[in-house]
Amino acid sequence: MSVIRRVDEQKSQVTIVIDGRFDFAQHKAFRDAYRDVDAKRMKFVVDLAGASYLDSSALGMLLLLRDYAGGETTRVSITGCGEDVRRVLKIANFEKLFQLD
């Protein structure tokens, strides 16, 4: 279980990589990965390729990131979703709130 932040200044992009279970235990690490980033000039990518599981608290954390990034005008995308993770995101209608790649 880990949360890793990668910043690409040239692309103005912050990638947050989740490995393992994405649940409440990752709350602080996930928040720390974006809270000092200038959301007005950076876009966010959450890479869930290594995520084996996510629960409702993970969905809440994604919504908090979306709000931090600008809400309706957000620049947050979610990539690398496995079949089970994508199913949870679709059930929660997150494809309407985030760009799912």
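The values are calculated or read from the model by the stated rules, or taken from the named source; none is laboratory data. A quick note: this is a predicted structure, and the numbers were derived from the prediction, not measured. Note that each Cβ is placed from the backbone with ideal geometry, even for glycine, and that neighbours are counted across all protein chains shown. For accessibility, only protein heavy atoms count, side chains too; no ligands or nucleic acids. Shrake-Rupley method; radii C 1.70, N 1.55, O 1.52, S 1.80 Å.
Some points to look at:
- Fraction of antiparallel bridges per DSSP, the chain only, in percent to nearest 5: 30 percent
- Measuring how big the chain is from its alpha-carbon positions, Rg and Dmax come out at 12.2, 35 Å.
- Unit charges on C-beta of K, R, D, E only; dipole of segment 3-53, Debye: 160 debye
- Axis angle, to the nearest 10 degrees, between helix 56-69 and the longest C-alpha principal axis of the chain: 20 degrees.
- Extension gain for the segment residue 28 to residue 7, taken as residue separation times 0.36 nm less the Cα-Cα distance, is 5.7 nm to one decimal.
- The portion of the accessible surface of segment 48-93 made up by carbon and sulfur, rounded to a whole percent, is 52 (1.4 Å probe; DNA, RNA and ligands excluded).
- Label-to-label distance, residue 57 versus residue 84, with points set 7 angstrom from Cα along the beta-carbon direction: 1.8 nm.
- Annotation: amide H of residue 79 within the under-5 Å range of 46, 47, 48, 101, sequence separation 5 or more or interchain, hydrogens built in the peptide plane.
- Cα gyration tensor, segment 43-95 - rounded (a/c under 1.5), prolate or oblate: prolate
- A protection proxy built from the mean count of other Cβ atoms within 10 Å ranks the segments 63-71, 42-50, most packed first, as 42-50, 63-71.
- Accessible area per residue, Å², segment 1-89 with all protein chains present, probe 1.4 Å: 54 Å²
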